[in-house]
């Protein structure tokens, strides 16, 4: 009985597959199978010529010949210790011997792997420190890290309620149903639940890319973090005039600062993380010459022509959330506010802006009833609010986008200001009511006249 090796090829050079053969006349065995090993054709054929050539071959290819020796030893030993060996067992032994080190290394690596909870902890540490970056190669914004941390905290609280630790293999549809039910019971809205699911999926995706064995269910279309359009408001031009007319002179200077910073947010249509962090160095001036003409009073029938130099002040913003670069022309109302601070706006606490802007809106008389549709705990409700109660820092961005739309600014030009790359996402920001849209359409198109 013996284990031998051979090649099957008409090639005269190059690497080819090495075959193994196990023969036993006594046991009537003659098994053949290809191995995952490859060998150089010329070197192999030369090694078959004699002992010296074989010895040279073994010295030239020590890893290959060592694996061949291991395989021969394993096959011969199995054959001698049994009454026979099937073709299936023959192939199994080949696979086991060839990949023994690979499997051992994989087991050792898996032993060093983190649990799902350990990976989440490491993930949060890395996005906080900048060790792990976004797909665009940017550090995660502080607000984004906070959002991710809060969403994944709910996973931890869910495990505490369940009195068990979930690992990568446990994240199946049953987990999804239980986790979303837990969030609904806490009164979370559809979007809040969706945010928790999306952040958990982001972690699972990162883990899978790094070689962790994750249950594939997280990729299923049913394992979804839903997001619905939220009823929210924008401020009309009349609302803004009322807010700007409120007398704040007897109140803390912070009230006026909050109003001014909020208005800058309106005229720039940026997020609070951007409009609350504007510096003097972010402004530039563009100079251009424009040809002007008018009737010449001294020479009837003639025109007086001259060149007028215009200066356009604009703001450069590198958006913190997306890394998008936008340039925004400063209108007259914005320039008035900027001049008050010599183009160096105060930086205010986000919570302060949200609290005081509501008070300013209330003092401005924005008390009309607005009905908002919400979905919390899986229940859809129509909730009445006074308009001032719904004003917050992000209202500035929605207001800016909507007012540009109502003023007839092209949707793609609005995107250049807001930084949106998808028109569908921008449309969610545009909150014009049906009557205003009717008015806009009738003025713009003869079809409706």
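The values are calculated or read from the model by the stated rules, or taken from the named source; none is laboratory data. Everything numeric in this text was worked out from a predicted model, so none of it was measured. Glycine also receives a Cβ, built like all others from the backbone with ideal geometry; neighbour counts cover every protein chain displayed.
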Restricting to region 278-296, name every residue that is surrounded by fewer than 15 Cβ atoms within 10 Å (Cβ to Cβ) and either out of contact with any strand residue (DSSP E or B) (no Cβ under 8 Å at 6 or more places or on another chain) or in a helix (DSSP H, G or I) (or both). 279, 280, 281
Regarding region 86-99, can at least one residue be identified that is more than 45 Å from the chain's Cα centre (by Cα), part of a loop (DSSP other than H, G, I, E, B) and over 15 Å from residue 21 (Cα atoms)? no
Output the residues belonging to region 54-95 that are in contact with a helix residue (DSSP H, G or I) (Cβ under 8 Å, 6 or more places away or on another chain) and either free of Cβ contacts under 8 Å to residues at least 24 places away in the same chain or more than 14 Å from residue 4 (Cα to Cα) (or both). 54, 56, 57, 58, 60, 61, 65, 74, 78, 85, 89, 93
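Residue-wise test of (1) farther than 19 Å from residue 387 by Cα; (2) surrounded by fewer than 15 Cβ atoms within 10 Å (Cβ to Cβ).
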residue	(1), (2)
238	no, yes
253	yes, yes
258	no, no
263	no, no
268	yes, no
272	yes, no
276	yes, no
Options 299, 351; residue that is assigned to a loop (DSSP other than H, G, I, E, B), exposed (fewer than 14 other Cβ atoms within 10 Å of the Cβ) and without any contact (Cβ under 8 Å) to a residue 12 or more places away in the chain: 299
Which pairs do you get when a residue that is at positive phi, found in region 401-423, comes within reach of a residue that is assigned to a helix (DSSP H, G or I) and modelled with pLDDT under 85, reach meaning Cβ atoms under 8 angstrom, with the pair 6+ apart or on two chains? 408/440; 408/444
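Yes/no matrix, rows are residues, columns are (1) free of Cβ contacts under 8 Å to residues at least 60 places away in the same chain; (2) in contact with a strand residue (DSSP E or B) (Cβ under 6 Å, 6 or more places away or on another chain); (3) in a helix (DSSP H, G or I):
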{"position": "181", "(1), (2), (3)": "yes, no, yes"}
{"position": "184", "(1), (2), (3)": "no, no, yes"}
{"position": "191", "(1), (2), (3)": "yes, no, yes"}
{"position": "226", "(1), (2), (3)": "yes, no, no"}
{"position": "235", "(1), (2), (3)": "no, no, no"}
{"position": "240", "(1), (2), (3)": "no, no, yes"}
{"position": "243", "(1), (2), (3)": "no, no, yes"}
{"position": "251", "(1), (2), (3)": "yes, no, no"}
{"position": "257", "(1), (2), (3)": "no, no, yes"}
What do you reckon, is residue 418 within 22 Å of residue 262 (Cα to Cα), touching a helix residue (DSSP H, G or I) at 6+ places or on another chain (Cβ under 8 Å) and modelled with pLDDT of 80 or more? yes
Is it true that residue 45 is surrounded by 12 or more Cβ atoms within 10 Å (Cβ to Cβ), in contact with a helix residue (DSSP H, G or I) (Cβ under 7 Å, 6 or more places away or on another chain) and assigned to a helix (DSSP H, G or I)? no
